[in-house]
Amino acid sequence: MKFVLRPVKDTPQGFYLLLGVFSALLALGLGAVGYIEHYGHIVTGMNNQIVWGLPHVFAVFLVVAASGALNIASMSSVFGKTEFKPLAPLSALLAIALLMGGLMVLMLDLGRPDRLIVAMTHFNFKSIFAMNIFLYSGFVGFVVAYLWTMMERRMNRFTPLAGFMAFIWRMALTTGTGSIFGFLVARQAYDSALLAPLFIALSLSYGLAVFIWVLMLVSRGSARALGDVLMARLARLQVIFIAAGFYFVLVYHLTNMYFTKHHEFERFILLDGGIYTAMFWLGQVVLGTVLPLVLLLAPGIGALRSRIAASAGLVILGGFAQMYVTIIGGQAFGLVLFPGYQVSSSFFDGVTASYSPSLPELLLGLGGLAVVGLIVMLALRVMGFLPERMDDAALEMAPAPPSPAVA
């Protein structure tokens with residue numbers, strides 16, 4: 001397969017408008033950081049019970065999606081789907097950009113970003129956070145090396161090895177992100193080894209949804225037509241990934257129901273949790289799972305671009321809802337410190353914590369999204385991450401026999 005990578009040079013006016021929007025969002029996000037740093041976290045909705053707020057929802061979603069955004073590159077180099085090879089550089093670029101956006105939000109939300117060097121040079125290896133520092137930096141290193149082997153002709157022979165190493169590291173990265181919560185035995189909402197494979201499964205659908213959106217936007221902005229067969233294959237992949245993610249969500253909640261100590265938490269999330277219950281059923285299940293599957297399981301889906309774009313957007317919205325329920329709902333649930341005993345104290349034992357996101361938190365999260373957009377747009381403008389043509393003939397994609405699920 002021969003293809004030529006070219007920068008996006010013929011940029012319409014919309015390119016500069018979107019660049020200005022992302023720049024403004026980043027400026028607002030940095031302004032929110034300065035405001036929080038000056039007045040303290042008291043100006044946010046976070047408190048002593050909910051210490052990870054809305055910015056963490058943005059950050060964890062972006063980090064998890066970064067792993068999944070490498071899907072297309074891994075499909076070509078690791079699983080031998082060479083028809084996706086021309087799209088692999090964009091896949092790797094998006095993975096790096098998403099991780100950078102997520103880490104920026106994490107660094108600026110935790111307080112005292114000026115002590116980052118201390119955190120990077122003094123490690124407590126009993127903490128999963130310390131291990132994640134190596135996972136984050138290692139992921140960027142492996143993906144950069146992977147990009148180099150793809151885009152430097154004389155290094156092409158090392159692409160399969162670099163792709164395999166990047167694939168293994170992305171699995172470790174997502175396992176570490178899920179383990180941040182799975183290792184928290186003090187929280188009844190977490191404390192489950194299933195959270196690691198759950199996050200891996202979710203990363204597949206989140207990352208592919210973001211990739212589809214970026215690919216369609218770049219295609220429209222650069223007047224590079226996308227083939228129907230290509231879009232149909234991406235849609236079929238999305239169906240599989242959504243189903244896999246929902247399977248692990250189902251197993252996670254069924255496993256919790258099996259253990260008596262988790263019954264109260266399951267009742268809280270599934271029935272009595274107010275906003276968290278609504279976000280689980282309406283956001284995570286309906287918007288993030290059921291509706292995308294209904295949209296994608298349509299005959300001739302490759303030509304139905306609006307359905308594919310809508311389903312990708314719904315997966316992203318459902319992902320944010322799921323991260324909100326997992327991170328904030330898990331902290332809001334009142335801890336049962338002494339099961340079987342009546343406890344009354346001034347430390348909020350068994351009391352559902354309240355949390356209302358503040359504007360600075362939202363702006364900080366949007367600032368992370370802006371970083372992703374700016375990295376991708378400027379990289380596409382300067383370097384060739386996309387082929388000149390992306391139609392089916394150029395990508396050498398032959399129509400596959402329709403499966404019963406999507407016929």
Please find, in a Gaussian network model of the chain (springs between Cα atoms separated by less than 10 Å), the residue of E152, E361, E388 whose mean-square fluctuation is greatest. E152
Angle check, please: helix 359-382 long axis (alpha carbons) against the longest principal axis of the chain (alpha carbons), in degrees 0 to 90, nearest 10. 20 degrees
With the crude spin-label approximation of a point 7 Å out along Cα→Cβ, what separation in nm comes out for Y35 versus M171? 4.4 nm
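How long is the gain from I117 to K81 if the chain were fully straight, where each residue apart is worth 0.36 nm and the alpha carbon distance is subtracted?
Values: separation 36, 0.36 × 36 = 12.96 nm, distance 4.11 nm.
Difference between extended and current length: 8.8 nm.
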T255-S219 FRET efficiency (beta carbon distance; Förster radius 41 Å; 0.05 resolution): 0.50
Identified option (computed Rg/Rh (Cα atoms, Kirkwood Rh); candidates [x] 1.02; [y] 1.21; [z] 0.98): [z]
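Using Cα-Cα distances under 8 Å and only pairs 6 or more residues apart, what relative contact order does the range 93-224 have, in percent?
Details: 90 pairs, mean separation 22.8, N = 132.
Rounded, it is 17 percent for the range 93-224.
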Calculated from backbone phi, Karplus (6.51, -1.76, 1.60) coupling profile of the range 90-97 in Hz, x at Gly/Pro: 5, 4, 5, 4, 5, 4, 5, 5
Calculated from backbone phi, Karplus (6.51, -1.76, 1.60) coupling profile of the range 98-106 in Hz, x at Gly/Pro: 5, 5, 4, x, x, 5, 4, 5, 4
Let me check against my output: what whole-number percent is the relative contact order of the chain, with C-alpha pairs under 8 Å and at least 6 apart? 32 percent
For E388 and A278 in the same chain, what is the full-extension length gain: residue separation times 0.36 nm, less their Cα-Cα distance, in nm? 35.1 nm
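Once you have the Cα-Cα distance between L5 and I240, take 0.36 nm times their residue separation minus that, and quote the gain in nm to one decimal. Don't jump to the answer; show the numbers that get you there.
On the way: separation 235, 0.36 × 235 = 84.60 nm, distance 2.94 nm.
Length gained between L5 and I240: 81.7 nm.
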Förster-model FRET efficiency, 51 Å R0, R153 and I42, C-beta, rounded to 0.05: 0.35
Specify the angular offset, from 0 to 90 degrees and rounded to the nearest 10, of the alpha carbon long axis of helix 54-69 from the longest principal axis of the alpha carbons in the chain. 40 degrees
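With +1 assigned to the C-beta of every Lys and Arg and -1 to the C-beta of every Asp and Glu, and no other charges, what is the dipole magnitude of the chain about the Cα centre in debye, to the nearest 20? Can you show the working numbers first?
Numbers: 23 positive and 17 negative charges, 219 e Å.
Charge dipole, the chain, about its Cα centre: 1060 debye, nearest 20.
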Against the longest alpha carbon principal axis of the chain, how many degrees, from 0 to 90 and to the nearest 10, is the axis of helix 159-182 turned? 20 degrees
Neighbouring Cβ atoms within 10 Å as the yardstick, rank S222, S91 fewest first. S222, S91
Return the long-range amide H neighbours of L386 (sequence gap of 5 or more, or a different chain), with a cut-off of under 5 Å between placed amide H atoms. R6
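How large is the helix-only mean residue ellipticity at 222 nm for the chain, computed as the sum of -39500 (n - 2.57) over DSSP H runs with n ≥ 4, divided by its residue count, in deg cm²/dmol to the nearest 500?
Details: 14 runs with 244 residues, N = 407.
Value at 222 nm, helices only, nearest 500: -20000 deg cm²/dmol.
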Residues whose placed amide H lies under 5 Å from that of S358, excluding near-sequence neighbours: G45
Most fluctuating of I328, I133, I96 in the GNM of the chain (C-alpha, under 10 Å) is I133
Candidates A73, A119, A232, ranked by Gaussian network fluctuation over the chain, Cα under 10 Å, top entry: A119
Two-site FRET efficiency, M107 against L161, from Cβ-Cβ distance with R₀ of 41 Å, rounded to 0.05: 0.85
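A short reminder: the numbers here are calculations on the coordinates, not readings from a lab. Note that the structure is predicted; figures quoted are calculated from it, not measured. Cβ: placed from backbone, ideal geometry, glycine included. Neighbour counts: every protein chain shown.
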